[in-house]
Every structure is written in structure tokens, then in C-alpha cells.
Amino acid sequence: MIIQPKTRGFICTTAHPEGCAKNVQEQIDYVKKQAPIEGPKNVLVIGASTGYGLASRIAATFGAGAKTIGVFFERPASDNRTATAGWYNSAAFEKAAKDAGLYAKSINGDAFSREIKEQTIDLIKKDLGKIDLIIYSLASPRRIHPVTGETFNSVIKPIGKPFTNKTVDFHTGVVSEVTIQPATEDEIRQTIAVMGGEDWEMWLEAMKNADVLADGVITVSYSYIGPEVTHAVYKNGTIGRAKDDLEASSKRINQLLESLGGKSFVSVNKALVTQSSSAIPVVPLYISQLYKVMKQAGTHEGCIEQIYRLYADRLYGKELELDSNGRIRIDDLEMKPEIQKEVDELWKKVDTENIYTLSDLEGYRSEFFKLFGFGFKSIDYSKDISPEVSIESIKD
């Protein structure tokens, strides 16, 4: 099969196995060039196949020499369809870990379900004994509640009143105005059920009850706050309500882990091009301008740089600094006043005519396609290759 990118809105419906492997290898190479992390030894990453979750697994394995189990819900190749990017990422990661003599196994299925929790706990008992770091990095639009069976669907909407602002079609470069109608109370409830902290708590409760948590265990879930321009659709919108719920869950998890001397944290990370962020109106335009400013300032970071810094400087560094709400702030470079001031000035001026000079839209687009394995100069995309790639620890 000759695999080329095919897009539908903010989703690329194809993925390239060699390109995804290249993306993974670049992140591995970055970590291997850094100082070793004196940190976790047995790590569970829930939502391990893309973005921050994938970077969390790579940094733990190749930075700290940790054994990792990754949980994700991805689709292998079938008929004339490629696998998902997350499938190819995970296959490449497992192979690289094995080649380095490092333990890595994966579980593919619905992380919200009881069955996948039980399967994961059984694997931990069999192979690792106890876990000392749990990263919770799920990004799903839908959840079936494991107790009630109710299906929840999340929405990305403001709360209270309509929100109007600029956005960009990052495929065409057209800047336009978008108006998003406010969420209903039921949409808020469902978004919290999908993207809030209940499932994170369920994982930790199940693992504690099964006695697979090590003394001093740490668990981290990821969040985002962002600038004023995105607050209506993010921080003060339905996603923000879900993140508030996540922070409340973190406090309860802290109480759950108290007897083990464990800790639960929410890490507020930088805005980056991910499959999730591409779906949020307004955010791609903000990110493309943020990239321009931070690259010029020499402070731009991708997922792997962020997570390496989270591990090396914060979680396993000399002293862990928290904000007034008890959160880790890895978005500190993004939120510097001088950075935000410059982005704000660009935001006021940007339109379709000047989008390529007042933003790094080309960089945004390039990063988007790299998520799916496209755009690497060293890869011949006209070559006929097989989309069939297996993940050794996952049996069909």
C-alpha cells in the first residue's frame, strides 16, 4: 500500500508506520541525550500511545530505565485501512525498548472498563509486583460507565453564554470568526463524566485494593489552563469543569495514598499540537502564534521536552514546587508575561492575509501531520509498504 495523508476535519484518517516509528525514535534520541532521571522503576501509563502519554512512557523507559506497561485503545491495520498512529507508535516503542533490553508490555482496550483494569492489574502482579508511578493521560470523547452502563459524550463548549472569537482552518490558513453556543447542563455533566477524575480514582482504588502500589507511589494526571483568549472555550468551559473535577479527584487520591506515603498531582502542561487540541476551536490559532513567539525566544518545547523536564526537574528533582492550588506548572515558560504579551499583540492583528507572517502555521501543520507519521524528509512516501505492524506483547 502507498500511504498518503487523508484528512477529515481535524483528524487524519491514515497513518504511516515508518513515519510514526521515526517520530518515536526522535523522542527516544532526545531523552538519551539528556542526563539520566533518578526516578521511577515500574511505571503504568494509562493513555500511552500518543502525545503526552507516549512521551511519558518514552521518558520513563529511556530516561530512568523503567519497566513500563502502557494501556491504550488503538486499531490495528485491517483490509485496506492503516492502523491508527497510536498503534504504530506503540509498536515502534515496544521494539525500541526490547532492542535496548528494557521491559515494555502493552494492553489494548477500553481503559474505562473493569475488564481492562483487571487485566492490567493481573499483568502487574505477574511481571512487576508493584508500581511506583502511574501516569493518567486519557483523551477520549466517549466513556461507557463501568457500573451503570451509561454512555457519556464530551463536548467542547463555553458555559453560560455564546463565545465568539477568531479561529483558523490550519489546512487552508483561512482565519475566520467562530461562534460556539453554550453547553446545556446535561452536556456539562457528560463532559465531566468523560474527562473528569472519576476513572482516575477508580484505577487507583482498584490498584490499592489489589496491593500493586509501591510505598511512596506517585500518580500524575495532565491538565491545561492557558491564556485569557482561550478561557471561555477551555478553562471556563466544559473542559475546564472537567479539569476542576480532575483536581478534586487528585485531592481524594492523595487521601487514598496517605497510608503508602504516596502522592497525587495534576500537572498543568503547555499548549501543544495534539489530536485533542486540534479539535478545540480558537486553540490552533493560539498555538500557531505561541509557537512563533516561543521559537523566537528559544523556549519552545514539544511533548518529550515537557515530560523530561516534569520528571527530571519536578517529580524526581531536588525540590517540587507547586502553585497555590497544589498543581505542578510545566506551562511556566508558556505563561511568562512577556510571552503572553507578544502573543496577545499578534492575536489582535492576525487575519487570513498575514497568518503566515504573524504565526507559525506552517510549523503547526507540520507537527499535526507528524503525529500521524507524515512529513519526515528521510521517508519515501511514494514507496509501497505493508500497513500490517504487530505489537509483540499484544496477541491478536
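Values quoted throughout were computed directly from the atomic coordinates according to the rules given, and no laboratory measurement underlies them. The structure displayed is predicted, hence computed values, not measured ones. A quick note on method: Cβ atoms are made from the backbone with ideal geometry, for glycine too, and the neighbour counts reach across all protein chains shown.
Run the numbers on the range 133-200 and let me know its relative contact order in percent, using alpha-carbon pairs under 8 Å that are six or more apart.
Numbers: 85 pairs, mean separation 23.4, N = 68.
Relative contact order of the range 133-200: 34 percent.
Determine the gain in length on full extension of the stretch Lys41-Asp380; use 0.36 nm per residue of separation and subtract their C-alpha separation, reporting nm with one decimal. Show your work: numbers first, answer last.
On the way: separation 339, 0.36 × 339 = 122.04 nm, distance 3.78 nm.
The span from Lys41 to Asp380 would gain 118.3 nm if fully extended.
Give the share of C-alpha pairs in each 10 angstrom bin for the range 251-290, from 0 to the last occupied bin, in whole percents, shortest bins first.
Result returned by the calculation: 27, 28, 17, 24, 5.
Given a 10 angstrom Cα cut-off, can you work out which residue in Thr219, Thr172, Thr84 is the most mobile in a GNM of the chain?
Thr172
How large are Rg and Dmax for the range 1-56 when calculated on the C-alpha trace, in angstrom?
In Å, with Rg to one decimal and Dmax whole: 14.9, 44.
Which of the GluC sites (Glu not before Pro) found in the range 20-101 are in a DSSP loop and have at most 13 neighbouring Cβ atoms, other than their own, within 10 Å? Please report the intermediate quantities before stating the final value.
Numbers: sites: Glu26, Glu38, Glu74, Glu94; in loops: Glu38, Glu74.
Loop-located and lightly packed - Glu38.
Taking the Cβ of Phe152 as the centre, find all other residues whose Cβ is under 15 Å away and add up their charges (Lys, Arg: +1; Asp, Glu: -1). Please report the intermediate quantities before stating the final value.
On the way: positive: Arg142, Arg143, Lys157, Arg189, Arg241; negative: Asp110, Glu150, Glu185, Asp186, Glu187, Glu198, Asp199, Asp245.
Around Phe152, the surrounding residues sum to -3.
Taking only DSSP H segments of four or more residues, each worth -39500 (n - 2.57), what value at 222 nm results for the chain once the sum is divided by all its residues, to the nearest 500 deg cm²/dmol? Don't jump to the answer; show the numbers that get you there.
Working: 12 runs with 148 residues, N = 396.
Only helices count here, giving -11500 deg cm²/dmol.
If I histogram all Cα-Cα distances within the chain using bins 20 Å wide from 0, what percent of pairs lands in each bin?
Per 20 Å bin, starting at zero, the Cα-Cα P(r) for the chain comes out as 27, 61, 11 percent.
When the convex hull of the C-alpha atoms of the range 312-396 is computed, what volume per residue in Å³ does it have? Present the calculation step by step, with values, prior to reporting the outcome.
Numbers: hull volume 21.7 nm³, N = 85.
Measuring per residue, one finds 255 Å³ for the Cα hull of the range 312-396.
Go through the range 276-341 and name the GluC sites (Glu not before Pro) that are in a DSSP coil and have 16 or fewer other Cβ atoms within 10 Å of their Cβ.
Numbers: sites: Glu301, Glu305, Glu319, Glu321, Glu334, Glu338; in loops: Glu301, Glu319, Glu321, Glu334.
Sites meeting the loop and neighbour criteria: Glu319, Glu321.
Using Cα pairs closer than 8 Å and at least 6 residues apart in sequence, work out the relative contact order for the chain, in percent. Mind showing how you got there, number by number?
On the way: 770 pairs, mean separation 89.8, N = 396.
Reported as a whole number, the value is 23 percent.
Given 37 °C and 0.692 mPa s, how large is the Stokes-Einstein diffusion coefficient of the range 28-170 in µm²/s, with Rh as the Kirkwood radius over Cα pairs?
Details: Rh = 17.0 Å.
After rounding, the answer is 193 µm²/s.
If we count other beta carbons within 10 Å of each Cβ, what is the order of Met1, Met195, fewest first? Could you put the intermediate results ahead of the total?
On the way: Met1 13, Met195 27.
Taking fewest neighbouring Cβ atoms as first place, the list is Met1, Met195.
Build a GNM of the chain with springs between Cα atoms under 10 Å: which of Cys303, Cys12, Cys20 gets the top mean-square fluctuation?
Residue with maximal mean-square fluctuation among Cys303, Cys12, Cys20: Cys12.
What are the equivalent ellipsoid semi-axes of the range 52-94, built from the alpha-carbon gyration tensor (square roots of five times its eigenvalues), in whole angstrom, biggest first? Don't jump to the answer; show the numbers that get you there.
Numbers: eigenvalues 117, 14, 12 Å².
Computed over the range 52-94, the values are 24, 8, 8 Å.
Throw me the Rg/Rh for the range 166-290, computed over C-alpha atoms with Kirkwood Rh, two decimals. Walk me through the intermediate numbers first.
On the way: Rg = 17.4 Å, Rh = 16.2 Å.
With Rh from the inverse mean 1/r over Cα pairs, Rg/Rh is 1.07.
May I have the pair-distance distribution P(r) for the range 284-327, computed from all Cα-Cα distances with 10 Å bins from 0 and rounded to whole percent?
24, 36, 36, 4
Treating only the Cβ of Lys, Arg, Asp and Glu as charged (+1, +1, -1, -1), what charge dipole size does the range 7-370 show about its Cα centre? Round to the nearest 20 debye.
Numbers: 44 positive and 49 negative charges, 93 e Å.
Using Cβ point charges on Lys, Arg, Asp and Glu, the range 7-370 gives about 440 debye.
To check you understand DSSP bridge types, tell me what percent of the beta bridges within the range 7-370 (both residues inside) are antiparallel, rounded to 5.
Details: 13 of 40 bridges.
Close to 30 percent.
What whole-number distance in Å separates the alpha-carbon centres of the range 51-86 and the range 332-396?
19
Hey, could you get me the Stokes-Einstein D for the range 23-86, Kirkwood radius over alpha-carbon pairs, 37 °C and 0.692 mPa s, rounded to whole µm² s⁻¹? Kindly include the intermediate steps, with their values, before the conclusion.
Numbers: Rh = 12.6 Å.
Using the Kirkwood radius from Cα pairs, D works out to 261 µm²/s.
Return the distance in nm (one decimal) between the two label points of a simple spin-label model at Glu150 and Asp79, each offset 7 Å from Cα along Cα→Cβ.
Label at Glu150, label at Asp79, 3.5 nm between them.
Within a Cβ distance under 13 Å of Ser264, other residues only, what is the Lys/Arg minus Asp/Glu net charge?
Numbers: positive: Lys208, Lys251, Arg252, Lys263, Arg327; negative: Glu201, Glu205, Glu247, Glu258.
For residues surrounding Ser264, the net value is +1.
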